[in-house]
Amino acid sequence: MRKIYALILVLAVIWSCNKEEAIPLQAVITEAANGQVGEPITLDGSESTGLDRASVEWIYNGGPEFSVSFDTNSITTSFTPQKTGTYNFTLRLTSGSEFSEAVINIAVSGNLELTSLAATTTLEDINNQTGEDGEADYIINSVLTIPSGTTITLGNSVTIAFGSEGGIIVEGTLNTEGSAFVSLVPSGTSSWKGILVKQGGNIDLQSGTTIISGGGSASLTDTPEDASTLMIDGSASLGGGVTIKNSNSFALSLGTNGNLSYSTILFESNTNTFRMPNYKLASIPLQNLGLSNESPTARIELFAAEGHVIQGSASISGVSHPIYVEGDIELAGSASLAIQGVELRFAEGKGILANGTCSFFNTVFTGQTESAGSWKGIFLGASNSNHQINSCTIQYAGGATFETASGPAGIYQSSSANATAIQNNVISHNLGIGFINDSFIASFSGNEFSDNSLAHARINISELNKLSTNTYSSDVPTIELQKQFGGIVTNLTWPSLGDGNYYVCKVNIDASILTLPEGLHVKFDVNTYLNITGAFKVEGTDTNPVILEGAVGNAGDWIGVGFSNTASIDYLVLKHAGRVGGTSLFNTPFDANLTVMSNPALSVSITNSTISDGSGYGVLVKLGAGTFNITDGASNNTLAGNLGDFYDAN
């Protein structure tokens, strides 16, 4: 019995001792330093008490992310935050009916460095900051490739900052979602390489607002000239919310294989603005460029792609900055080109070769330097007609001649084009001739010509009736006459150019009915003549006579004038003719300034005229022609020539 009591006493003592040594259940979280996004953060509850009898549970109460991944049942665990902000966790210890909790808040800042874009993913905003001046969500320090078949989506408010060696090559797809506000900016003061959309790749920035800033430090292709913030050799769709700014080269470049669709693109403070092959104008009209904040020296550039010409309908309109043309713009026969409200500056030896149809309005066509001949000019040819050039300026052209053109000019219309309307233009400072027309023209009026090197215009005799409302400076020959279509000129009143302006006639003229009004001044080239077989009228005045003379100014420059019907000639100055050739042409024994072939039954009157300085006779009356009062004192004529003043074969 005594043994039983002793055992009970020992057990009581042991129980009493254990009760005194029991450790309370207490959850304790070691204070954690603020973390960096993308880096592991440790949750440490190892200083808690009663762990030997407690179950452990970590609870994520909320924060920037909806959920985080970590081991919830280990006393020490970790998680890797993907967004910045404050993360809240609870450590709960439970032992039977006992439990204890502790709470910790962890602040996370910084950004994620992207080292691969090889898997399809959506990049989300990780710092709740919007705009290019906010802290970047992601950093790219090297050139990353989005492979074919991979899609990278930029979520709302995402900002990616690029190091100086950073860039993106798109072989798959890069796009934005919803009403995204996306910023692609440099990570410091240095610029970054840019984005290259390769052939087969696609970039779609139609949703929301996208700002791309500071790219273009180096080309992502093998061609240094391709250096651009955004270089497209694949496909791109840009919405109205895209702004490209602060580029160190071109903000936007379109390669030979590239395709671009856009509503409006905004450009701001770029070294250069936009570069594209000119043949792409048929599928990508050059228009709707927001340039109000663009550098005034930034270039918009069109270049020629070898083996490509414009097919289809192309257009340029409403671009407020000059467009620099670095290669010939060439239209196929079925194509058309409409240009309105812009300024095109052409490189040396470059121009427009339009075998299709042109419609140009309110546009300046000029060289990249302000000197005559600094670019080639505009060629209107071959298979189409109905060209329109209205209210434009064409200047400093004529530096080279198109292959089939008859000479250098600001505008050249080939013999196979017709129905062209050239109206209300300023055509000036061209090396060669302002306008050469080797065909028919529908309308040629309201144009202002000045300071062209050889002549203001060269036209066909049949187009003389379309000259009356143009104006010309008198520094060079105003109009060269070069061809006569359709045989004899019929019922023509040859318009006077006035104000000291004159024609240079480089071809023979055969006319049936011809009227020369007061002030008309024509200089005839070597070996040319004027032959009138119908009624002939000269309507000069005392103060404004009609002048017909040689182009060089020497006796015998040209063959002269002959007429064989009625004639009423008043105040005519005729000189420098009588070149050998009139004898066979007019079937006379001698050459003369003026040859009269009218028969006696027809009325001829020549008064108040000076016919002189010829290498033959002043006037020769052919055998069989009637007599008239040319030598009477009352006729007030002055006649002279190297052979004599007057010869009557009768």
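The values are calculated or read from the model by the stated rules, or taken from the named source; none is laboratory data. Computed from a prediction, not measured in an experiment: that's the story for all the values here. Neighbour counts run over all protein chains shown; Cβ positions are idealised from the backbone, glycine included. Note: accessible area is taken over every heavy atom of the protein model, side chains too, but ligands, DNA and RNA are not part of it. Shrake-Rupley method; radii C 1.70, N 1.55, O 1.52, S 1.80 Å.
From the square roots a ≥ b ≥ c of the eigenvalues of the alpha-carbon gyration tensor of segment 368-454, which class results: rounded (a/c under 1.5), prolate (a/b over b/c), or oblate? Taking the square roots of the gyration eigenvalues as a ≥ b ≥ c, segment 368-454 is oblate. Of all beta bridges that DSSP places with both ends in segment 71-192, some 35 percent have antiparallel geometry. At a 1.4 Å probe, what is the % contribution of carbon and sulfur to the accessible area of the chain? Roughly 46 percent, rounded to a whole number. Shape verdict for segment 410-481, please, from the Cα gyration tensor: rounded (a/c under 1.5), prolate (a/b greater than b/c) or oblate. It is prolate, given that a/c is not under 1.5 and a/b is the larger ratio.
Between E165 and H308, the FRET efficiency from the beta-carbon distance, with R0 = 56 Å, is close to 0.95. Thinking of segment 338-417 as a set of Cα atoms, what percent of all their pairs are more than 18 Å apart? Considering segment 338-417, 36 percent of its Cα-Cα pairs are separated by more than 18 Å.
For a paramagnetic label modelled on T223 (point 7 Å from Cα along Cα→Cβ), amide N atoms under 13 Å away belong, within segment 283-303, to 302-303.
A 1.4 Å probe over all protein chains sorts T173, T528, T297 by accessible area into T297, T173, T528, starting with the largest.
Among T223, G178, T189, which residue has its Cα furthest toward the positive end of the charge dipole of segment 175-247, with +1 on Lys/Arg Cβ and -1 on Asp/Glu Cβ? Of T223, G178, T189, it is T189.
Working note: 222 nm ellipticity from helices only, DSSP H runs with n ≥ 4, each -39,500 (n - 2.57), summed and divided by the residues of the chain, gives -1000 deg cm²/dmol to the nearest 500.
In a fully extended conformation the segment linking S415 and Q129 would gain 96.4 nm over its present Cα-Cα distance, using 0.36 nm per residue. Per q in 0.11, 0.26 Å⁻¹, report the Debye log10 I(q)/I(0) for segment 42-129, using one uniform scatterer on each alpha carbon and no solvent. Evaluating at q = 0.11, 0.26 Å⁻¹ gives log10 I(q)/I(0) of -0.40, -1.32.
Taking every protein chain into account, the 1.4 Å probe leaves R345 with about 70 Å² of accessible area, to the nearest ten. The gain in end-to-end length when the T404 to Q82 segment is fully stretched comes to 109.1 nm, 0.36 nm per residue minus the alpha carbon separation. For K537, the solvent-accessible surface with a 1.4 Å probe is about 100 Å², rounded to the nearest 10. Solvent-free Debye calculation, one equal scatterer per alpha-carbon of segment 433-539: log10 I(q)/I(0) at 0.10, 0.11, 0.20 Å⁻¹ equals -0.25, -0.30, -1.08.
Counted over the chain, the DSSP beta bridges are approximately 10% antiparallel. Return, ordered by residue number, the residues of segment 572-595 whose backbone nitrogen is under 18 Å from a label point located 7 Å along Cα→Cβ of N554. Within reach of a label on N554, which here means backbone N under 18 Å from a point 7 Å along Cα→Cβ, segment 572-595 contributes 575-582, 592-593. Entry for segment 106-262 at q = 0.10, 0.13, 0.14 Å⁻¹: log10 I(q)/I(0) = -0.30, -0.51, -0.60, Debye formula applied to identical alpha-carbon scatterers, no solvent contribution. Once the mean of 1/r is taken over each pair of separate Cα atoms and inverted, segment 525-636 shows a Kirkwood hydrodynamic radius of 13.7 Å. The convex hull defined by the C-alpha atoms of the chain has an orientation-averaged projected area of 38.7 nm².
In this label model, N362 and S95 are separated by 8.8 nm, measuring between points 7 Å along each Cα→Cβ vector. At a Förster radius of 30 Å, what calculated FRET efficiency corresponds to the Cβ-Cβ distance of N105 and S190, to the nearest 0.05? Computed FRET efficiency for N105 and S190 comes out at 0.25. Per residue, the accessible area of the chain comes to 41 Å² when a 1.4 Å probe rolls over the protein heavy atoms. For a label point 7 angstrom out from the Cα of S512 toward its Cβ, which stretches of segment 528-560 have the backbone nitrogen within less than 13 Å? Residues 533-535 fall inside that zone.
Here the dipole of segment 330-459 is about 100 debye; that uses its Cα centre as origin and unit charges on the Cβ of Lys and Arg (positive) and Asp and Glu (negative). The relative contact order of the chain, computed from alpha carbon pairs under 8 Å that lie at least 6 residues apart in sequence, is 4 percent. Placing a pseudo-label 7 Å from each Cα along the Cα-to-Cβ vector at S603 and S334 gives an inter-label distance of 6.1 nm.
The distance between label points at T121 and N61 comes to 3.0 nm (points 7 Å beyond Cα on the Cα→Cβ vector). In this Cβ point-charge picture (+1 for Lys and Arg, -1 for Asp and Glu), the chain has a dipole of about 1040 debye about its Cα centre.
Cross-link pairs exceeding 31 Å between alpha carbons, from the set K376/K537; K466/K575; K83/K193: K376/K537. Using a ≥ b ≥ c from the Cα gyration tensor of segment 343-492 (square roots of the eigenvalues), is it rounded, prolate or oblate, where a/c under 1.5 gives rounded and otherwise the larger of a/b and b/c decides, a/b for prolate? The shape class here is prolate.
Rounded to the nearest angstrom and listed largest first, the equivalent-ellipsoid semi-axes of segment 182-244 from its Cα gyration tensor are 19, 17, 7.
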